[in-house]
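These notes concern the structure reproduced below.
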Amino acid sequence: MPYTSDNQRQPYPSEVGRSIWGGAPLPPIPERVLDGIPGFIAWLALLLSIASAVAFPLTLMLAAAFVALYSALRFLFAGIANGMGNRKVNTWEAIDWYQKYLEIEDEVGVAWDEVHHLVIIPNYKESLEVLGRTLNQLRQQHNAKTQISIILAMEGGEPNSYRKARFLQRHYAAHFANVYYTVHPRGLIGEMQCKSANLSWAVKWYFDKVVEPENLDIDNIVVTTMDADTRWHPKHFAALTYFFAASKDRHRTFWQAPIRYHGNIWQVNPLMRIINTYATAFEMAYLAAPWWMAMPMSSYSLSLKLLEQSGNWDTDVIADEWHMLIKAYFATGGKVSLQHIFLPFLADSTTGSNIFRSVKNRYTQTLRHAWGSKEVGYMLAKLIENPHVVSFNSLKLLFRIAHDILLAGAGWIILTVGSQLPVLFHPEIAPVQMDTLIAASDKLSYVIDGLSRSHPAWILLAISGITMIILVIVFQIQDYRIRPPRDGPYTFVESLQELLSIPFMLVLTLLVVALPTLVAQTRLLLGIPLQFIVTDKSTE
């Protein structure tokens, strides 16, 4: 009898018809309505921006200027937090985590050796070279032979996945406590072909085939999900063991380390490295900044008990990280938190044999990630379903989820359309007229004088733009200091391309961040499904 999964997504509360006020049930709200909220707001912003560019050009420009100013301030605080985080990394790397545990051993209720790590590696069409590199790095972790079990979560849609899994199992069995493998069948009803469905299958298999037959105590098992190309810091699992054992809220906590997109940084097209620089800086900033709320991303950990309480990963979700935290948040009545582990792991970035393929691959990856826009609707649905959990922290979580999604969609539209279209329709509002500038004897004085006498929106836009360019350069300097060493020196062409990427960042961000985000949100609005595509991280 084939192994089947019965862990399907719980229906939205609107499908159940529960009223948050009591009394008569709420009328059904289709899931598509909730999914379409970010796309609706983005298109509403576009239509209002076009209309305002004609009727209220200066008002629209002022709105765009405030978005630009907010973005510049966000970059500024990210730069500060990134520096704070990198200093914490230097401190944490010097810590002997087992010795630190011995100092508090008498105060905690979990022995060091009782903590067991279940590491799930979902993968699809990953090469043996990549998987072998990942496992080689994992076997160097503290007490890997006794405290780390591996599940190679294979996909049935990949030919010969059984053979690959068996080869790796035989080769690495002696280096870990256990090496298991599962093969997630393709085409199960109600599922997407995605990481979350594969994870759900692997966990259910582990409960049915290991936990129950061996009568394991799940209280001390930590589950870590990771991408196939993730390379953990050598001290990561020692630190994770320490925090799990020392925490009184170990069954209501997620653990997240900062991502550095440096795994293959020297194979990434030099023009595209600035995108990785920006992403690395912000991932660190979100973890290090006390003024921002961090979220799980890519590779993270939680206890098996919390995972069971939350109902496992859903099988129709692409953005598993945020979705899982939302599920756990409501499963625990809003008591879940995320703890930072300042020991960064390396991740590979999308590549391509030329700049066009690099842009295409990054576009595809962002399109997939932007499917996380669904989580705005999911969070709202859970709040409706659980009115007793509505609190300041719940609204803070909703704001954190909606913030980046709306800023990348509607915010980008207001910024770009609002700063360009009014001048196209009303050239006279520009602080500098091109024909006058050409004729002016002192062009710099003319530009400065024009800006000084212009509408405040122009001044805010200019200040914000200059600030963001300076901060991008700061991000670059910060990133250079932490990149892994390279085999040879920079070539002149490579250095020139990285330098040129700074003024072209606006264009690159439009192509590989804003556009795929808007496409994903529009598809969600229209109910057009997305096929999960593994993006290319090779140079071929």
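The values are calculated or read from the model by the stated rules, or taken from the named source; none is laboratory data. Since the structure is predicted, the reported quantities are computational estimates derived from the model, not experimental observations. Cβ: placed from backbone, ideal geometry, glycine included. Neighbour counts: every protein chain shown. Only protein heavy atoms, including side chains, enter the accessible area calculation; ligands, DNA and RNA are left aside. Shrake-Rupley method; radii C 1.70, N 1.55, O 1.52, S 1.80 Å.
In the set (1) under 20 Å from Glu155 (Cβ atoms); (2) touching a helix residue (DSSP H, G or I) at 6+ places or on another chain (Cβ under 6 Å); (3) open to solvent by less than 10 Å² (accessible area, probe 1.4 Å), the condition left unmet by Val203 is number (2). Taking the stated definitions as given, is Ile265 under 19 Å from the mean Cα position of the chain (by Cα), modelled with pLDDT under 95 and open to solvent by less than 10 Å² (accessible area, probe 1.4 Å)? It is true that Ile265 is under 19 Å from the mean Cα position of the chain (by Cα), modelled with pLDDT under 95 and open to solvent by less than 10 Å² (accessible area, probe 1.4 Å). Within segment 293-308, the set of residues being part of a helix (DSSP H, G or I), open to solvent by 10 Å² or more (accessible area, probe 1.4 Å) and under 18 Å from Phe243 (Cβ atoms) comprises just one member, Lys305. Pairs meeting the criteria (first residue in segment 174-194 and at negative phi, second residue surrounded by 20 or more Cβ atoms within 10 Å (Cβ to Cβ) and among the charged types (D, E, K, R), beta carbons under 8 Å, at least 6 apart or on different chains) are Val183/Glu155; His184/Glu155; Arg186/Glu155; Gln193/Glu155; Cys194/Asp320.
So which residues in segment 121-150 are farther than 14 Å from Ala173 by Cα and either touching a Lys or Arg at 6+ places or on another chain (Cβ under 6 Å) or free of Cβ contacts under 8 Å to residues at least 12 places away in the same chain (or both), if there are any at all? Result: Pro122, Ser127, Glu129, Gln137.
Just name the residue that is farthest from Thr350 (Cα to Cα) out of those in segment 195-232 that are part of a helix (DSSP H, G or I) and among the basic types (Lys, Arg). If you could, list the steps in order and put the result at the bottom.
Step one: filter segment 195-232 for residues part of a helix (DSSP H, G or I), giving 195-214, 218-220.
Imposing the further condition that a residue be among the basic types (Lys, Arg) reduces the set to 195, 204, 209.
Values: Lys195: 18, Lys204: 31, Lys209: 36 Å.
That would be Lys209.
Remark: Leu306 falls outside the filter, which requires a residue to be within 20 Å of the chain's Cα centre (by Cα), among the aliphatic types (A, V, I, L, M) and at pLDDT 95 or above.
Any chance you could count how many residues in segment 259-292 are assigned to a loop (DSSP other than H, G, I, E, B), more than 18 Å from Gln365 (Cα to Cα) and either of a type in the set (Gly, Ala, Ser) or in contact with a strand residue (DSSP E or B) (Cβ under 8 Å, 6 or more places away or on another chain) (or both)? Step through it out loud before you land on a result.
First, pick out the residues of segment 259-292 that are assigned to a loop (DSSP other than H, G, I, E, B): 261-264, 268-269, 289-292.
Narrowing the set further to residues that are more than 18 Å from Gln365 (Cα to Cα) leaves 289-292.
Okay, now just the ones that are also either of a type in the set (Gly, Ala, Ser) or in contact with a strand residue (DSSP E or B) (Cβ under 8 Å, 6 or more places away or on another chain) (or both), so 289.
Going through segment 259-292 one residue at a time, the tally reaches 1.
What are the residues in segment 208-249 that are charged (D, E, K, R) and surrounded by 18 or more Cβ atoms within 10 Å (Cβ to Cβ), if any? Talk me through it step by step, then tell me what you get.
Here is the first cut: in segment 208-249, the ones charged (D, E, K, R) are 208-209, 212, 214, 217, 219, 227, 229, 231, 235, 248-249.
Selection gives Asp227, Asp229, Arg231, Lys235.
Kindly indicate the residue of segment 507-533 that is open to solvent by 60 Å² or more (accessible area, probe 1.4 Å) and in contact with a Ser or Thr (Cβ under 9 Å, 6 or more places away or on another chain) and also modelled with the highest pLDDT among those meeting that condition. My answer is Leu515. Looking at Phe77, Phe40, Phe66, just one residue is under 21 Å from the mean Cα position of the chain (by Cα), open to solvent by 80 Å² or more (accessible area, probe 1.4 Å) and among the hydrophobic types (A, V, I, L, M, F, W, C), and that residue is Phe77. Each residue in segment 139-171 was checked for being under 17 Å from Ser127 (Cα atoms) and not acidic (Asp, Glu), and 19 of them qualify. Each residue in segment 267-298 was checked for being closer than 20 Å to Asp227 by Cα and touching a Lys or Arg at 6+ places or on another chain (Cβ under 6 Å), and 1 pass.
Please give the helices (runs of 4 or more DSSP H) falling wholly within segment 122-194 in which 2 or more residues are in contact with a strand residue (DSSP E or B) (Cβ under 8 Å, 6 or more places away or on another chain), over 20 Å from Phe345 (Cα atoms) and open to solvent by 80 Å² or more (accessible area, probe 1.4 Å).
Details: elements: 128-138, 144-147, 161-172.
Of the helices (runs of 4 or more DSSP H) lying wholly inside segment 122-194, those with at least 2 residues that are in contact with a strand residue (DSSP E or B) (Cβ under 8 Å, 6 or more places away or on another chain), over 20 Å from Phe345 (Cα atoms) and open to solvent by 80 Å² or more (accessible area, probe 1.4 Å) span 161-172.
From the set of residues in segment 349-401 that are assigned to a loop (DSSP other than H, G, I, E, B) and buried (at least 17 other Cβ atoms within 10 Å of the Cβ), which is modelled with the lowest pLDDT? Out of the qualifying residues, it is Gly352.
Looking across segment 309-343, the residues that are assigned to a loop (DSSP other than H, G, I, E, B), open to solvent by 30 Å² or more (accessible area, probe 1.4 Å) and within 17 Å of Arg250 (Cα to Cα) come down to Gly333, Lys335. Scanning segment 71-88 for residues that are in contact (Cβ under 8 Å) with a residue 40 or more places away in the chain and in contact with a Ser or Thr (Cβ under 9 Å, 6 or more places away or on another chain) yields a total of 5.
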